[in-house]
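What follows is a short report on a single structure.
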Number of protein chains: 4
Amino acid sequence: MKNFEQQWSIDIPLDGLQVLRREHPEDTIIQIGDVRIGGECEPIVIAGPCSVENEEQILTIAQTVKQHGAKMLRGGAFKPRTNPHSFQGLGEEGLKLLQIAREETGLPIVTEVMDPRDIELVARYADVLQIGSRNMQNFPLLKTVGGIQKPVLLKRGMAATLEEFLLSAEYILSEGNPNVILCERGIRSFSDFSRNTLDLNIVPAIKHLSHLPIIVDPSHGTGLRELVNPMSLAALAAGADGLIIEVHSHPDESITDAFQTIGFEQFSQLMQTINHFIEWQKLHASTTTVY
Amino acid sequence: MKNFEQQWSIDIPLDGLQVLRREHPEDTIIQIGDVRIGGECEPIVIAGPCSVENEEQILTIAQTVKQHGAKMLRGGAFKPRTNPHSFQGLGEEGLKLLQIAREETGLPIVTEVMDPRDIELVARYADVLQIGSRNMQNFPLLKTVGGIQKPVLLKRGMAATLEEFLLSAEYILSEGNPNVILCERGIRSFSDFSRNTLDLNIVPAIKHLSHLPIIVDPSHGTGLRELVNPMSLAALAAGADGLIIEVHSHPDESITDAFQTIGFEQFSQLMQTINHFIEWQKLHASTTTVY
Amino acid sequence: MKNFEQQWSIDIPLDGLQVLRREHPEDTIIQIGDVRIGGECEPIVIAGPCSVENEEQILTIAQTVKQHGAKMLRGGAFKPRTNPHSFQGLGEEGLKLLQIAREETGLPIVTEVMDPRDIELVARYADVLQIGSRNMQNFPLLKTVGGIQKPVLLKRGMAATLEEFLLSAEYILSEGNPNVILCERGIRSFSDFSRNTLDLNIVPAIKHLSHLPIIVDPSHGTGLRELVNPMSLAALAAGADGLIIEVHSHPDESITDAFQTIGFEQFSQLMQTINHFIEWQKLHASTTTVY
Amino acid sequence: MKNFEQQWSIDIPLDGLQVLRREHPEDTIIQIGDVRIGGECEPIVIAGPCSVENEEQILTIAQTVKQHGAKMLRGGAFKPRTNPHSFQGLGEEGLKLLQIAREETGLPIVTEVMDPRDIELVARYADVLQIGSRNMQNFPLLKTVGGIQKPVLLKRGMAATLEEFLLSAEYILSEGNPNVILCERGIRSFSDFSRNTLDLNIVPAIKHLSHLPIIVDPSHGTGLRELVNPMSLAALAAGADGLIIEVHSHPDESITDAFQTIGFEQFSQLMQTINHFIEWQKLHASTTTVY
């Protein structure tokens, strides 16, 4: 393991960063209700639509993904959209619909916050605050979520190096909130057949360097529903602590991200495979461990 | 599956390319001695040193990787080196040592050819001709290997799109040689913690679009031996037909690529995991199929 | 000009975007005190330190860059730092020092704002609000600066496409603030000899598609002071409406970005060349115009 | 200048490389007939079609570009095409047409060679042998052109670092051929509005580190004819020793690369601007020099 740390230590000073395993050797395990993420815990699946659209939509999806084994519900109420004239999400109305879905299913809620002025509002409804890729280096936002104890799902920026990713997590940790889940969701490269290039190399690299859990988003990481199932399995094989997947009752009619959203039948197949794989992994985990 | 093909057909005309599944629906299976690659065949492992160094080195490695279940031996005799003053490989002497290793172990040989003028020579010794990343668009070389029937291992260029990769294979096919094995080995991106960014998204994309087998090189694809085992498993989970891995008796003393070369103990662990995984995959393959 | 617009219109709908020249054919000219940027106006130079450090530092630099012909003063009070443990800027104290420098020199002030909650504060001191690369898609911040009339310097994100860059400007315009100056500052690529890859192609492309002024930051765009002078001239030759350059009295002692900061002597040489070039450009502008 | 060399020396050992200025402080000047490239020589323009199509085409273009001040004629006879089913160039027939054009105009000929087996043939007709981007690390080809004294135009690979670029030139120099002209032609990045991202940063970096001349290809470097003129001027402003530009009598009917090829009227305007600029540069060269 020497080479790796030596090489890496050229780039950032390793001393004193709370995010590093050398400062904090035991795995951090994040507890959200009954759900536990990280360390030796079983990988979990977070599923749901890209955007919350209406009550029926979110309830149907929540019930279905729960039935197939998802442990948390994702859904965007505040949507970061490239074009200001695109649908921007339902806002607080969307948060209320997520709350209803939680009451009906018991699934904890993951939803994005983009504005430090909205954190109190979003934290009232959400169980996990998502910081999106475009905000990975929005330092005031990182500091604000660092000031509360609510778990944070921090997505890697589209052009963020491993160092920058860990140092953004360090912003949250150093404000006093240790509950950070990292998320690889694909990077920008020249390669244009997939929406993003899913960089699974970072999964074992993060497990080696940091004690924080890391999950993978194969929906944004590929942008193509045909690739979601195999890349979900690949992410778990690389050592991910979980997956976050876009699922919709009528994927082609999703208001946002239709191309990468999978339907219930595909999700059902995926969950069967994942559940079998996790069983297999329990038997063979020792030989795949990297750190 | 419609979205994916529709999106892709913007970029290249789909009609008439031999490399595409739509022209040739059945999987191509490449036969090398007793070894079969592609389609429903069990994934195989190709292992060996980056460079052939001497007889004892290549024999020890060949015997050990065979014992752990590798099906072919890799080893460079003609080495493409960035710096002209670096070790350039043993040349024909290296090919002869590979031949001895094949006689001793029965493992077929994979070795690189860089110069169309060397193809006859290299083909005399090799069972599979490797075209390296730097030569993926060396069209005279592609045409020359297309003119013989020897199987070709075609590595993706460091900045090659999926289209360019398939069209380079088309060069070989259209000259009359159908025996092409594709190989993802990592692309150049901004991300600098790993030597290359292993783009596993391309594995299911290729399986969907083409009938050719695709294998993965986790050694070049990561550049870090700590990442080789988890990324090998991830590659198989993504649907790869095989792996090509750099292994050395004394990895730190490898003349070339020491950082990414694994030792015998790590290789032994990896092969155990892979063998278990392949058993598991046989039971669950139907749910992971993408095409 | 057909090809270019046709190609581009594949990616974003061209109708109705205020940022586009087809909606607003005349060049937008931004007025800041006596300074005018855009259209046929003479290119201007914004210069100053990366960070405001103390009164003597900022005053000395302001007076010197003014004397050599700079038209505005740059200087960071709120600094976006990758590492939370790095110097974060002097905050409001830094803004006050910038105000003193403006009073002494008459140079308008450009300084970064990162937090929508700070906009009122920063706008009290600044003449131009800078939105940094890391915040190019911080949509709440864009909306907030769109709600006031203060000119905005919008830096391109490290992985932002041309479309995304223009659509981020559209966020500001569509909130009612037409005073947006775009800034190319280098993108993330595999190329590692320079800190960023300065993408000057975007300068004539933006001039063709949009009526907004675009300036270039050769300091961040290269990361190496040896490259600042030639790339400044190249930026003007490509059609840039101005430059923003990091200058320090003791560049090697800059608290931040020392490698890319130039000293007074180099700045003096640069300004001489620029002034000669602008004279030349006035005589030959017609043949270089692209739109 | 210390920072830059220190930083760079981390990556490659500086000692003993013939390509470096520290080994060979005086600029290399390449003489091709009456044309001189490099050092203090006036920048030159190489112009012509992407592909040689027929005698009338190449003669018309050769005469016209000469009349506007081009110093050499470019034109492809052996074309590296992504798709094997695309037009592959006229081969030797194309070389003969180039020879006729040279006899008619006196312009030296630059044409690509892709196969080491063709070098003798191509060298019989060409004055400068072009090694294309896809072959920048085709080491047998580099060694072969290193074995003759014919000048070589070495294009940067699409994903080549500065180090790799210089080390490929070193292959040629170390075989005994000192006549290497480097050429920046754009790199692969995520940015998709232009065909490639023209990396002009490399021009002053190369001038600083190496004694070899470097020219720029704004046609491939942008892929859009609307950007060719401003980026040509930007390249000269950055310090380039010349330009290589695709020009055609009927650019929209070019068999290859139509989008980026300019017509005679645009070329005429460009040459006027360039000639004025070169006059200006002579007066102000001292202040733009970086090395």
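Where a number appears in this text, it was derived from the coordinates with a stated rule and is not lab data. Given the structure is predicted, the values throughout are model-derived calculations rather than measurements. Cβ: placed from backbone, ideal geometry, glycine included. Neighbour counts: every protein chain shown.
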Please find, among residues of chain C, the one with the beta carbon closest to the rotation axis relating it to chain A, distance in whole Å. C:Ala159, 2
Cross-link table C:Lys71/C:Lys155; A:Lys71/C:Lys143; D:Lys66/D:Lys143; D:Lys71/D:Lys150; C:Lys96/C:Lys150; A:Lys79/C:Lys155, entries beyond 24 Å C-alpha to C-alpha: A:Lys71/C:Lys143; D:Lys66/D:Lys143
Measuring label to label, 7 Å along Cα→Cβ, what does D:Gln149 give against each other copy in nm, shortest first? 4.9, 7.3, 8.2
Taking every residue of D:269-280, the Cβ atoms of other protein chains inside 10 Å of its Cβ average out to 3
Cα centroid separation - the stretch A:192-270 against the stretch A:125-184, whole Å: 19
Simple spin-label estimate for B:Asp34 and C:Thr60 in nanometres, 7 Å along Cα-Cβ: 7.9
Considering only the other residues whose Cβ falls under 15 Å of the Cβ of C:Ala238, what net charge follows from Lys and Arg at +1 and Asp and Glu at -1? -4
Loop-located GluC sites (Glu not before Pro) in the stretch B:24-62 whose Cβ has at most 14 other Cβ within 10 Å (DSSP): B:Glu26, B:Glu40
Would you mind estimating how fast the stretch A:15-284 diffuses translationally, via Stokes-Einstein at 25 °C and 0.890 mPa s with the Kirkwood radius over Cα pairs, in µm²/s? 134
Measuring from the longest principal axis of the C-alpha atoms of chain A, the long axis of helix A:55-67 (C-alpha) lies at a number of degrees, nearest 10, equal to 50
For the stretch C:29-174, what mean projected area does the convex hull of the alpha carbons give, in nm²? 8.9
Shortest first, in nm, what separates the label point of B:Asp192 from those of the same position in the other copies (7 Å along Cα→Cβ)? 0.6, 2.6, 2.7
So for R0 = 35 Å, FRET eff. of D:Glu253-D:Asp192 from the Cβ-Cβ r, to 0.05, ends up at 0.85
Taking a point 7 Å out from Cα toward Cβ as the label site, list the nm distances between B:Ile278 and the same residue in every other copy, smallest first. 2.8, 6.5, 7.0
What is the local net charge at C:His248, summed over the other residues whose Cβ is closer than 11 Å to its Cβ (Lys, Arg +1; Asp, Glu -1)? -4
Take peptide C:155-162, look around each residue's Cβ out to 10 angstrom, count Cβ atoms belonging to other protein chains, and average those counts. 6
Counting only residues 5 or more apart in sequence or on a different chain, those whose built amide H sits under 5 Å from that of D:Gly242 are D:Ile44, D:Val216
Using only Cα atoms and rounding to the nearest 10 degrees, what angle (0 to 90) does helix D:92-105 make with the longest principal axis of chain D? 90
How many Cβ atoms of partner chains, on average, are near each residue of B:257-265 if near means within 10 Å of its Cβ? 1
Computed over the stretch C:202-289, the distribution of all Cα-Cα distances in 10 Å bins, rounded to whole %, is 17, 45, 28, 9, 1
Sort all Cα-Cα distances of the stretch C:9-73 into consecutive 10 angstrom bins from zero, then give the percent of pairs in each bin up to the one containing the longest distance. 18, 30, 24, 18, 10, 0
For the protein assembly as shown, the Cα convex hull volume per residue in Å³ comes to 148
Between the helical axis of D:162-174 and the dominant principal axis of chain D, each derived from Cα atoms, what acute angle in degrees is found, rounded to the nearest 10? 80
Report the local net charge at D:Ile32: Lys and Arg +1, Asp and Glu -1, summed over other residues whose C-beta lies under 12 Å from its C-beta. +2
